[in-house]
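Only one structure is covered here, and it is reproduced in the block below.
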Amino acid sequence: MDDSTKRGNFWAWLWMAIGTLYFAIPLIATIDFSLRAQRDTLSLAAYSNIFNDPKFFESFTFSALTALAAIALSWLLIVPTAYWVQLRLPRMRPVMELITLLPFVVPAVVLVFGLIRTYSTTLLNTRTGGWILLTVAYVVLSFPYMYRAVDTGMRAINVQTLTEAAQSLGASWPAVILRVIFPNLRVALLNGAFITFAIVMGEFTIAALLAQPAFGPYMNLLASSKVYEPSALAVVSFALTWGAIGIVQLLGRGSSSQLGGPR
């Protein structure tokens, strides 16, 4: 191994170590602080207080179900749209990319005030209606991530060939999308779903202004009234995030050898 290669490896490992420390040190400090709820000893009292709080499970379950609903709606909306653009309207891709970038341009507070002003006398009169508005707003927030994940997955497969093969076997358009396109996009859909799930679980502005019992407002309320519990909740949220990453990796493992069209 020559000197230039050794120097390259040294700098690569150095920057990797710096990056690891950049993320690890705050996490270690947060974990240590969350264990200081009892004086002069390390304890899990803060974690116990969180898990004994019924609002924790209520808010977490509410946001998790909302995230799953938003993911399902995003899939049903984005996949057929991206498929049709890829198959029949490739010139519309720049337009679609611009449309899906609008959530970055329009702030969440503007979006939610528009929803409130439009539906204040209809959907917002019921709790179910408020939940529907919240879910739809999260679907909009997921557009930039879900569309790009799906579009990248579409480009990795031969959509034209798969469609012609399925139609030659007598498959209808819904069958092509559900039995051919969706299975071949499994990894891309899981990646988009993970990002959407993370956004929904941590989102505060829309849920708070729509007066919904979501996880984001619960974390904010806990941070304003407790000392050690917010740090413990941050650690729990971090663990849940890495757990979701692990699930995505497990579900996506070996997909390239397992995916295929209708038999």
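The values are calculated or read from the model by the stated rules, or taken from the named source; none is laboratory data. In this text, all values refer to a predicted model and were calculated from it rather than measured experimentally. Note that each Cβ is placed from the backbone with ideal geometry, even for glycine, and that neighbours are counted across all protein chains shown. Heads up: the accessible areas ignore ligands, DNA and RNA and are worked out on the full protein's heavy atoms, side chains in. Shrake-Rupley method; radii C 1.70, N 1.55, O 1.52, S 1.80 Å.
Please tell me if residue 223 is open to solvent by 20 Å² or more (accessible area, probe 1.4 Å) and either basic (Lys, Arg) or over 12 Å from the mean Cα position of the chain (by Cα) (or both).
yes
Is it true that residue 14 is in contact with an Asp or Glu (Cβ under 9 Å, 6 or more places away or on another chain), surrounded by fewer than 14 Cβ atoms within 10 Å (Cβ to Cβ) and over 25 Å from residue 220 (Cβ atoms)? Let's see the steps before the verdict.
On the way: in contact with an Asp or Glu (Cβ under 9 Å, 6 or more places away or on another chain): no; surrounded by fewer than 14 Cβ atoms within 10 Å (Cβ to Cβ): yes; over 25 Å from residue 220 (Cβ atoms): yes.
No.
Looking at 17, 29, 46, which is the one that is more than 26 Å from residue 228 (Cβ to Cβ) and at pLDDT 90 or above?
17
Name the residue, out of 46, 29, that is of a type in the set (A, V, I, L, M), under 26 Å from residue 217 (Cα atoms) and touching a residue at least 40 places away in the same chain (Cβ under 8 Å).
Within the list 46, 29, the selection yields 46.
Determine whether residue 182 is open to solvent by 40 Å² or more (accessible area, probe 1.4 Å) and either of a type in the set (Ser, Thr, Tyr) or farther than 29 Å from residue 119 by Cβ (or both).
Considered against the rule, which asks whether it is open to solvent by 40 Å² or more (accessible area, probe 1.4 Å) and either of a type in the set (Ser, Thr, Tyr) or farther than 29 Å from residue 119 by Cβ (or both), residue 182 comes out as no.
Tell me, which residue of the stretch 123-179 that is open to solvent by 70 Å² or more (accessible area, probe 1.4 Å), free of Cβ contacts under 8 Å to residues at least 24 places away in the same chain and not in a helix (DSSP H, G or I) is farthest from residue 69 (Cα to Cα)?
For the stretch 123-179, the residue satisfying everything is 158.
List the pairs whose first member sits in the stretch 51-64 and is closer than 15 Å to residue 232 by Cβ, whose second member is in a helix (DSSP H, G or I) and among the β-branched types (Val, Ile, Thr), and whose Cβ atoms are under 7 Å apart, counting only residues at least 6 apart or on separate chains?
56/50
Which of the residues spanning the stretch 58-89 are open to solvent by 90 Å² or more (accessible area, probe 1.4 Å) and modelled with pLDDT of 90 or more? Talk me through it step by step, then tell me what you get.
Initial filter on the stretch 58-89 (open to solvent by 90 Å² or more (accessible area, probe 1.4 Å)): 58, 65, 68, 76, 84, 88.
If the condition is that a residue be open to solvent by 90 Å² or more (accessible area, probe 1.4 Å) and modelled with pLDDT of 90 or more, then 58, 65, 68, 76, 84 are the ones that fit.
Identify all residues within the stretch 17-45 that are of a type outside the set (Val, Ile, Thr), open to solvent by less than 70 Å² (accessible area, probe 1.4 Å) and over 27 Å from the mean Cα position of the chain (by Cα); write none if there are none.
Within the stretch 17-45, 17, 32, 35, 37, 43, 45 qualify.
As an exercise: evaluate residue 212 against (1) farther than 30 Å from residue 127 by Cβ; (2) part of a loop (DSSP other than H, G, I, E, B) and give the number of the one condition it does not meet.
Every condition holds for residue 212 apart from (1).
Hey, can you tell me all the residues within the stretch 90-115 that are under 26 Å from residue 202 (Cβ atoms) and surrounded by 15 or more Cβ atoms within 10 Å (Cβ to Cβ)?
100, 103, 108, 111, 112, 115
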